[in-house]
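Below: the structure, in structure tokens.
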Amino acid sequence: MKIYTKTGDAGETGLANGERQAKNRRRIAAVGVLDEYSAAVGVLLAVEAEHQAEDLALLQHSQGNALFIGAVVAGANESVLTSQHRFDIHDVTALEQRIDQLEAQLPALREFILPGGVMAAAVAHQARTVCRRAERQLVAVQNEIDSAYWPAVLAYINRLSDYLFVLARSYNLRAKVNDIPWRQA
């Protein structure tokens, strides 16, 4: 199978349901940002850092969830999707539990912090910002999507960015690097 099909050369792409849409449409943009998120997590996983097993599993699962959510946005058959990948409100709960575990080890935040620190923390912050952009795109298309998964999707994406923020702080803590406080000039 060739990687190029030439069907997108005129600025359109196909949704999973066969419908053609311009590549600058909101649904296509949402799918694209989810792909960017997955790539950002791929970079985070490639960074040499002290990745804990639970975080590796959550991050890899989040990449699969990004593909799943993109397929939902693209109009894929949900019964086929469900047979290939599990996604539900338990994914939100898993993130909340991990956030609570990581936060229990972190010093309390008393001020805004800037993204940075060790490489893994900086990349986790970058993935967080892509995740937030995906959330904005998903909210923009929510009225176009008829899916039983939608409430879990929005909660998951919101919690995922929270997890990445706490994970970034955790990478800095493990490396004995302080978070960078924001100082107004």
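Quick notes
- The condition (being closer than 20 Å to Asp162 by Cβ and hydrophobic (A, V, I, L, M, F, W, C)) is satisfied by just one residue among Leu44, Leu15: Leu44.
For every residue, the table says whether it meets (1) of a type in the set (A, V, I, L, M, F, W, C); (2) at negative phi.
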| position | (1), (2) |
| --- | --- |
| Gly75 | no, no |
| Leu106 | yes, yes |
| Glu111 | no, yes |
| His125 | no, yes |
| Val130 | yes, yes |
| Arg133 | no, yes |
| Pro151 | no, yes |
| Val166 | yes, yes |
| Asn172 | no, yes |
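Every number in this text was worked out from the coordinates using simple rules, so none of it is lab data. Everything quoted here is computed from the prediction, not taken from an experiment. Cβ atoms come from the backbone with ideal geometry, glycine included; neighbour counts cover every protein chain shown.
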